[in-house]
Amino acid sequence: MAGRLEGKVAVVTGAASGIGRASAELFVREGAKVVAADIDDAQGTELERAHGGSLVYAHTDVTNEDDIAGAIATAVQRFGRLDIMFNNAGAQGDPSPLTDITPDGFDKTLALLTRSVVLGHKHAARQFEAQGGGGSIVSTASAAGLQGNWSAAGYTIAKHAVVGVVRQAVTELGPKGIRSNAIAPGIIRTPIMARSFGVPLEKAEEFSAFLDEKLGPDQPIGRLGVAEDIAEAALWLASDASAFVTGIVLPVDGGATSAYQGTFATAVVDAAKEFTETRLV
Ligand SMILES: NC(=O)c1ccc[n+]([C@@H]2O[C@H](COP(=O)([O-])OP(=O)(O)OC[C@H]3O[C@@H](n4cnc5c(N)ncnc54)[C@H](O)[C@@H]3O)[C@@H](O)[C@H]2O)c1
């Protein structure tokens with residue numbers, strides 16, 4: 001049976017870890033050629049080695065416009081075209097509350113989480129137009145892009161703005177056959193949790209398991225998410241199976257944003273404190 005992305009070419013940013021990595025690997029299994037764009041050269045190179053000719057790693061800092069354009073150029077040079085742009089790279093950014101945020105910290109957070117998505121749209125749409133056809137853009141927003149109190153101020157604001165990018169893209173790019181959708185993950189077991197709370201990366205899985213133990217039972221669906229839960233949603237939005245879908249922000253959160261109003265920020269912070277005090281001594 002043909003894969004769901006047979007013949008398609010994708011750029012996936014943040015592909016060296018977590019959601020991006022699971023998505024890049026799923027896209028390849030479904031027949032796509034993938035440019036894995038990231039700043040983690042060690043993991044990116046290892047990913048390329050594991051996937052032979054179907055995936056190439058391109059060092060890409062998504063806060064740099066030339067790098068984003070370069071990742072798309074790599075897709076065209078190596079695989080002949082671009083069909084899917086997955087704007088996914090991210091990190092927590094400035095963790096300050098509103099009362100302490102600095103212009104520089106705020107700007108850097110927006111550059112990483114929002115401007116990268118804007119520029120991903122810009123360069124992917126230009127390439128789609130140059131090819132004379134449509135394409136699919138998928139962006140990783142967050143439950144923190146739908147409600148307050150899931151994360152720090154900068155992150156929450158930046159992810160809400162990703163929703164704005166998608167809605168604007170509908171009107172500007174829809175008539176050109178270009179779709180744009182976002183995914184709003186809830187709490188997903190990836191290394192971003194360890195990176196956000198200063199837990200060493202070799203303890204990332206243990207930390208994720210700890211968070212799952214503490215917070216999973218409170219989720220409507222009884223567990224935290226895994227990267228593959230998001231990869232499956234990205235696959236559907238990237239593929240022709242969602243051909244009539246554009247402008248949506250799809251929560252993939254075990255029901256959390258339907259049930260709660262962003263009560264996880266404090267729960268995660270408390271659990272991270274407990275982990276650090278009991279497991280990292
Ligand atoms: N894990 C969660 O709970 C969760 C929830 C909601 C949204 N998200 C979002 O999902 C996306 C992926 O996060 P993840 O959970 O897989 O985290 P992760 O830390 O496992 O992966 C993030 C990847 O992005 C890369 N990256 C960071 N800065 C970059 C830059 N400037 N340029 C290029 N690459 C860069 C990292 O090297 C890493 O490979 C992010 O946008 C994040 O905000 C995650």
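Tabulated results
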| quantity | calculated |
| --- | --- |
| Given (1) away from the ligand (no atom under 12 Å from the Cβ); (2) free of Cβ contacts under 8 Å to residues at least 40 places away in the same chain; (3) within 25 Å of GLN92 (Cβ to Cβ), index of the condition ALA42 fails | (1) |
| Residue selected from the stretch 1-23 under the condition more than 16 Å from the ligand (Cβ to nearest atom) and basic (Lys, Arg), by the criterion surrounded by the fewest Cβ atoms within 10 Å (Cβ to Cβ) | ARG4 |
| The listed residue being touching an Asp or Glu at 6+ places or on another chain (Cβ under 6 Å) and not β-branched (Val, Ile, Thr), out of LEU201, LEU224, LEU215 | LEU224 |
| Among the residues listed as LEU26, LEU82, LEU47, the single one being under 21 Å from LEU235 (Cβ atoms) and either within 12 Å of the ligand (Cβ to nearest atom) or free of Cβ contacts under 8 Å to residues at least 40 places away in the same chain (or both) | LEU47 |
| Yes/no for THR109 being within 14 Å of the chain's Cα centre (by Cα), β-branched (Val, Ile, Thr) and buried (at least 24 other Cβ atoms within 10 Å of the Cβ) | no |
| Residue match in the stretch 129-148 (condition: at pLDDT 95 or above, surrounded by fewer than 17 Cβ atoms within 10 Å (Cβ to Cβ) and under 15 Å from the mean Cα position of the chain (by Cα)) | no |
| Flag if ALA124 is away from the ligand (no atom under 14 Å from the Cβ), touching a residue at least 60 places away in the same chain (Cβ under 8 Å) and hydrophobic (A, V, I, L, M, F, W, C) | yes |
| Single match in ALA32, ALA69 (criterion: touching a residue at least 40 places away in the same chain (Cβ under 8 Å), within 20 Å of GLU228 (Cβ to Cβ) and of a type outside the set (S, T, N, Q)) | ALA32 |
| Selection count where residues are touching a Lys or Arg at 6+ places or on another chain (Cβ under 9 Å) and farther than 19 Å from HIS121 by Cα, scope the stretch 81-106 | 4 |
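The values are calculated or read from the model by the stated rules, or taken from the named source; none is laboratory data. All of these numbers come straight from a predicted model, not from anything done at the bench. Note that each Cβ is placed from the backbone with ideal geometry, even for glycine, and that neighbours are counted across all protein chains shown.
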